[in-house]
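Structure record follows, encoded as structure tokens.
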Amino acid sequence: MRQVLTVVAVALVVSLVWAPVTSAQTKWVRGTVVSVTGDTFVVKAAGQEMTFKVDTSTELTARGAGKAQAAAEAKGAAGVKFADFVKSGVGVEVHYKDVGGTMMATEVHSGLPPTEGSVSKESTSGGSARGTITAISNASVSVKGDAQDWTFSVDPKTLVLGTGMGTITRQFKEQGKSPTITDLLGVNDRIVVYFKEAGGAVRASEIRVIAKAAK
């Protein structure tokens, strides 16, 4: 079991740098972690408890993971543990697939504020892409990924998350305004885009900032 958790932690660190595009029929849930045992963890969302399993293909993102991995490697350790970043009482977002009755977590985003949560009602066709912004407007975001380039359509419903986004939004609201996506993001920012495909269009439903471009 220890080996599984270590490999998952490595996937966590890689996902913070460059991970391949994923596209599949998945569901998601946002909630609060109840417990973590071995390669399974329980999340309470919308009044129900859901048990997920992780394996070596699970991608985990969490603040501080990169530094922790570097420190572990400096000491000769294989890596950090999954349970170091997914703990009881922590808010998470889990993207998962139903595999033979088992809910396999494909992506876990940890470190969110605890929440009563929400659950997707049906599968969505889409996935996630990681890369660097090469062009941006209030209608689209172009991203250069490790394997390919993407252009995503965006709109006022596209959610942008990341360190400092709340501060920017609050500053605009104090002026009686709402920030546009170009106020929040810029060229050379490193991001993760969660997208949905419909009618030939690829729409960004959520964008998470990994690192802002140096000024």
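The values are calculated or read from the model by the stated rules, or taken from the named source; none is laboratory data. All of these numbers come straight from a predicted model, not from anything done at the bench. Cβ coordinates were reconstructed from backbone atoms using ideal geometry, including for glycine residues, and neighbour counts include every protein chain displayed.
Before moving on, here are some points about what is shown:
- Pairs, first part of a loop (DSSP other than H, G, I, E, B) in the stretch 37-56, second among the acidic types (Asp, Glu), C-beta under 6 Å, six or more apart: VAL54/ASP39
- The listed residue being closer than 22 Å to GLY64 by Cβ and surrounded by fewer than 18 Cβ atoms within 10 Å (Cβ to Cβ), out of ALA211, ALA139, ALA147, ALA135: ALA211
- Qualifying residue in the stretch 186-203 (condition: hydroxyl-bearing (Ser, Thr, Tyr), within 19 Å of GLU93 (Cβ to Cβ) and modelled with pLDDT of 85 or more): no
- Entry remark, the stretch 130-145: residues being free of Cβ contacts under 8 Å to residues at least 40 places away in the same chain and within 21 Å of the chain's Cα centre (by Cα) number 3 in total.
- Considering the stretch 66-113, the residues that are of a type in the set (A, V, I, L, M) and under 13 Å from the mean Cα position of the chain (by Cα) include one that is surrounded by the fewest Cβ atoms within 10 Å (Cβ to Cβ), namely LEU112.
- THR106 being part of a strand (DSSP E or B), in contact with a Ser or Thr (Cβ under 8 Å, 6 or more places away or on another chain) and modelled with pLDDT of 90 or more: no
- On inspection, SER142 fails the criterion of being within 30 Å of MET50 (Cβ to Cβ) and either part of a strand (DSSP E or B) or in contact with a strand residue (DSSP E or B) (Cβ under 7 Å, 6 or more places away or on another chain) (or both).
- For the stretch 160-185, filtering for residues that are under 16 Å from THR61 (Cβ atoms) and surrounded by 13 or more Cβ atoms within 10 Å (Cβ to Cβ) leaves 4.
- With respect to the stated conditions, THR22 is at pLDDT below 90 and either outside the structural domain of GLY164 (by TED's automatic domain parsing) or aromatic (Phe, Trp, Tyr) (or both).
- Subset of the stretch 186-195 that is of a type outside the set (Phe, Trp, Tyr) and under 20 Å from HIS109 (Cα atoms) - its residue that is surrounded by the most Cβ atoms within 10 Å (Cβ to Cβ): VAL193
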